[in-house]
Amino acid sequence: RPRVLSGIQPTAGSFHLGNYLGAVRQWVALQESHDAFYMVVDLHAITVPQDPAELRANTRLAVAQLLAAGLDPDRCTLFVQSHVPEHAQLGWVMNCLTGFGEASRMTQFKDKSAKQGADRATVGLFTYPVLQVADILLYQANQVPVGEDQRQHIELTRDLAERFNGRYGQTFTVPAPYILKETAKIFDLQDPAVKMSKSASTPKGLINLLDDPKATAKKVKSAVTDTDTVIRFDAEKKPGVSNLLTILSTLSGSPVEDLERRYEGKGYGALKTDVAEAMVEFVTPFRSRTQEYLDDPETLDSILAKGAEKARAVAAETLAQTYDRMGFLPAK
Ligand code: AQP
């Protein structure tokens, strides 16, 4: 079975709809056909300041949401990044292989550091994409299921894998991004020109999966559309309507063309009502399943312990081979 690897941050509060449709939904599907490794990336979370108690709670919350979304620990390896020390170890090796200019060209860093102010952004935030390279290469992943915003980081991963292989001999699998066109980028409901994001979106434009379903329905109903009246997919001219069509199509399983036909002659109100309904139908059981996992921290921790053990077996082998290729003396 080909291998996939991906990660998600332990965000305060909840995953948002972009995280779910852009990434986690694919993770659930891929565990059936792939040897799948998924992790909560707490090492990445500390690139911005974190309160320790909150980080701990948010890490459990992230795991609970992944299980509620449908990850099955018998079908995939689910773990927490800091439980596998090889991430930080290979991260250092990759740092030493990355050009400063190369890292400086990462657009996510440019955006995020600009928002935080250059003096407040940490070196960790700067080298975050390089740690991500290590995350992927440790598992010899063939594919990386992510949203469009991660494409540049996967490109960097490919470059560094090829560079290392060229310099020291074939060591790493060169991974490909796995980005579904339809859901590669879910947009802010209030500003459909920008991606839905936990840090950039306005509260009204961001759908958090664990919000009260009534609030979610309200946000959908006040989504920004356009002054036209036709319900048609056109990402450039009708970004708001197209975003709603994408959301409904993915949640309901109906192709966008079928939806266009269904709403012929109908107004935006009808579309919004149905998107709101589909959202409520999805988030209601998601919320209760998440709560069930949170109420049982022992089960959660034992899932993570098993996941870490499986992940470490793979990661340790890759790291040992990497160290050896580079000329580090073996520890006797
Ligand atoms: N709007 C989106 N559309 C499609 N995919 C998205 N992803 C994030 N936003 C969208 C994908 O979700 C996965 C996890 O991303 P993350 O760990 O970076 O989560 P996050 O930090 O909560 O995501 P944000 O909101 O994008 O963070 P900020 O505000 O920091 O920019 C990834 O595969 C990502 O592509």
Requested in this report: Scan region 160-177 residue by residue and report those that are surrounded by fewer than 19 Cβ atoms within 10 Å (Cβ to Cβ), within 25 Å of Phe37 (Cβ to Cβ) and either within 16 Å of the ligand (Cβ to nearest atom) or not charged (D, E, K, R) (or both).
Outcome: Asn165, Tyr168, Gly169, Gln170, Thr171, Thr173, Val174, Ala176
Query raised in the report: Are any of the residues in region 188-199 buried (at least 19 other Cβ atoms within 10 Å of the Cβ), under 21 Å from Arg25 (Cα atoms) and of a type in the set (S, T, N, Q)?
Result: no
Report task. Restricting attention to region 25-47, report how many residues are farther than 16 Å from Gly147 by Cα, in contact with a Leu (Cβ under 7 Å, 6 or more places away or on another chain) and of a type outside the set (Asp, Glu). Result -> 7
Query raised in the report: Among the residues of region 95-116, is there at least one that is without any contact (Cβ under 8 Å) to a residue 24 or more places away in the chain and among the aromatic types (Phe, Trp, Tyr)?
Result: yes
Report task. Quick one: Ser242 ticks every box in (1) buried (at least 16 other Cβ atoms within 10 Å of the Cβ); (2) under 14 Å from Tyr20 (Cβ atoms) except a single one, so which number is it? Result -> (2)
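So, in region 179-197, of the ones that are in a loop (DSSP other than H, G, I, E, B) and basic (Lys, Arg), which residue ends up nearest to the ligand (Cβ to nearest atom)?
Looking only at region 179-197, we keep the residues that are in a loop (DSSP other than H, G, I, E, B), and these are 179-186, 188-194, 196-197.
Going one step further and asking which of them are basic (Lys, Arg), we end up with 181, 185.
Details: Lys181: 11, Lys185: 5 Å.
Out of the qualifying residues, it is Lys185.
Among the residues of region 314-332 satisfying the criterion of being at pLDDT 95 or above and not hydrophobic (A, V, I, L, M, F, W, C), which is surrounded by the fewest Cβ atoms within 10 Å (Cβ to Cβ)?
Gly327
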Query raised in the report: Within region 38-57, is even one residue touching a residue at least 60 places away in the same chain (Cβ under 8 Å), over 28 Å from Val123 (Cβ atoms) and near the ligand (Cβ under 10 Å from one of its atoms)?
Result: no
**Report entry** Residues of region 20-54 satisfying the condition of being of a type in the set (Ser, Thr, Tyr) and part of a strand (DSSP E or B)
**Finding:** Tyr38
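Would you mention how many residues in region 6-58 are acidic (Asp, Glu) and touching a Pro at 6+ places or on another chain (Cβ under 6 Å)?
Kept after step one, since they are acidic (Asp, Glu), are these residues of region 6-58: 32, 35, 42, 51, 54.
Add one more test, that the residue is touching a Pro at 6+ places or on another chain (Cβ under 6 Å), and what stays is 42.
Summing the residues that are acidic (Asp, Glu) and touching a Pro at 6+ places or on another chain (Cβ under 6 Å) in region 6-58 gives 1.
Going by the conditions given, is Ser14 within 16 Å of the ligand (Cβ to nearest atom), assigned to a loop (DSSP other than H, G, I, E, B) and either farther than 14 Å from Gly307 by Cβ or touching a His at 6+ places or on another chain (Cβ under 8 Å) (or both)?
Taking the combined requirement at face value, the residue satisfies it.
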Query raised in the report: What do you reckon, is Ala69 within 16 Å of the ligand (Cβ to nearest atom), within 28 Å of Met196 (Cα to Cα), more than 18 Å from the chain's Cα centre (by Cα) and of a type in the set (A, V, I, L, M)?
Result: no
Query raised in the report: Among the residues of region 265-277, is there at least one that is acidic (Asp, Glu), more than 23 Å from Lys219 (Cβ to Cβ) and at pLDDT 95 or above?
Result: no
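The values are calculated or read from the model by the stated rules, or taken from the named source; none is laboratory data. For clarity, every value in this text was computed on a predicted model and none was experimentally measured. Neighbour counts run over all protein chains shown; Cβ positions are idealised from the backbone, glycine included.
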